[in-house]
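Beneath this line is the structure, given in structure tokens, with notes to follow.
The values are calculated or read from the model by the stated rules, or taken from the named source; none is laboratory data. Everything quoted here is computed from the prediction, not taken from an experiment. Note that we place each Cβ from the backbone using ideal geometry, even for glycine, and neighbour counts take in every protein chain shown. Side chains included, ligands, DNA and RNA excluded: accessible areas come from the protein's heavy atoms. Shrake-Rupley method; radii C 1.70, N 1.55, O 1.52, S 1.80 Å.
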Amino acid sequence: MRLVVPPAFRVLFHLKVEGQENIPEAGPLIVAANHQSFIDSYVIPVSLLPLKVVFLAKAEYFEGTGFKGRLSRWFFTSMGMVPVARGDGSSAMGSLEQAAEIVEGGDVFALYPEGTRSMDGRLYRGRTGAGWLVLETGAKVLPVGLVGTEKLQPYGSRFPKIGTRVTVRIGEPLEFGGYAAMPKGRARRVITDEIVQAIQKLTGQEYVPEYNDHQSKGDS
């Protein structure tokens with residue numbers, strides 16, 4: 001998967017990666033990106049090679065039966081994704097704790113601070129789970145801006161559009177060690193806002209100072 005998919009992405013989808021010099025050699029690391037398309041979770045791992053990036057993906061992708069189910073499990077596992085149950089607040093906290101275990105193990109974990117895909121191209125206020133993960137692990141954050149993925153695979157499209165140009169902009173790693181003495185709730189909010197601001201500088205998206213409450217079918 002790691003040998004075949006990256007070259008295919010670069011050729012078929014005209015993938016351009018800027019700021020590769022900012023990619024650390026290894027984890028622990030938190031990757032934070034904007035989210036406009038289902039395919040974002042495949043573009044990011046390809047763009048950050050040789051790092052192996054871990055995402056949390058819906059458990060349904062791993063629970064199928066028969067040949068199709070086995071193929072789905074193989075594909076998502078090969079792309080560095082691990083299953084997570086989605087639902088109430090307790091499962092959301094469980095997802096964060098699972099993410100913390102991944103980062104504290106020295107790996108690279110990716111998340112979308114907005115929480116779900118932007119359907120209008122704007123960048124929404126970040127959920128403070130991102131700040132919680134930073135405080136819990138003490139890891140650096142690598143901001144990533146995705147430009148053009150909403151055209152590569154628009155909402156509702158089953159397959160990406162060959163020939164679409166996509167640019168991935170990688171910013172300098174962010175460190176938040178100075179926030180440890182701040183009240184935790186305030187620190188989570190400030191850290192999350194700074195992460196989203198770094199992403200906005202990379203993408204140039206219009207910022208919306210409110211949460212994106214749209215939950216679309218198929219969100220990863």
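One table, with the values for the structure above:
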{"read-out": "Subset of the range 149-200 (residues that are in contact with a Gly (Cβ under 9 Å, 6 or more places away or on another chain), crowded, with 19+ Cβ neighbours inside 10 Å, part of a helix (DSSP H, G or I) and among the β-branched types (Val, Ile, Thr))", "value": "ILE191, THR192, ILE195, VAL196, ILE199"}
{"read-out": "Residue match in the range 82-95 (condition: at pLDDT 85 or above and either within 23 Å of ALA187 (Cα to Cα) or open to solvent by 30 Å² or more (accessible area, probe 1.4 Å) (or both))", "value": "no"}
{"read-out": "Residue list for the range 119-148, filter: touching a helix residue (DSSP H, G or I) at 6+ places or on another chain (Cβ under 8 Å) and open to solvent by 40 Å² or more (accessible area, probe 1.4 Å)", "value": "ARG125, ARG127, THR128, TRP132, LEU135, GLU136, GLY138, VAL147"}
{"read-out": "Qualifying positions in the range 105-152 - more than 14 Å from the chain's Cα centre (by Cα) and of a type in the set (Phe, Trp, Tyr)", "value": "TYR124, TRP132"}
{"read-out": "Complete set of residues in the range 201-217 that are hydrophobic (A, V, I, L, M, F, W, C) and crowded, with 17+ Cβ neighbours inside 10 Å", "value": "LEU202"}
{"read-out": "Residue count for the range 32-72, restricted to those that are within 18 Å of GLY126 (Cα to Cα) and open to solvent by less than 10 Å² (accessible area, probe 1.4 Å)", "value": "8"}
{"read-out": "Flag for PHE55 being free of Cβ contacts under 8 Å to residues at least 40 places away in the same chain and among the aromatic types (Phe, Trp, Tyr)", "value": "no"}
{"read-out": "Selection within the range 43-75 - among the small types (Gly, Ala, Ser) and modelled with pLDDT of 90 or more", "value": "SER47"}
{"read-out": "Hits in the range 97-144 (condition: assigned to a strand (DSSP E or B) and within 18 Å of ARG169 (Cβ to Cβ))", "value": "VAL108, ALA110, LEU111, LEU123, LYS140, VAL141, LEU142, PRO143, VAL144"}
{"read-out": "Selection status of PRO173, over 16 Å from the mean Cα position of the chain (by Cα) and within 21 Å of ALA130 (Cα to Cα)", "value": "no"}
{"read-out": "Condition met for LEU123 (in contact (Cβ under 8 Å) with a residue 40 or more places away in the chain and within 21 Å of ILE39 (Cβ to Cβ))", "value": "yes"}
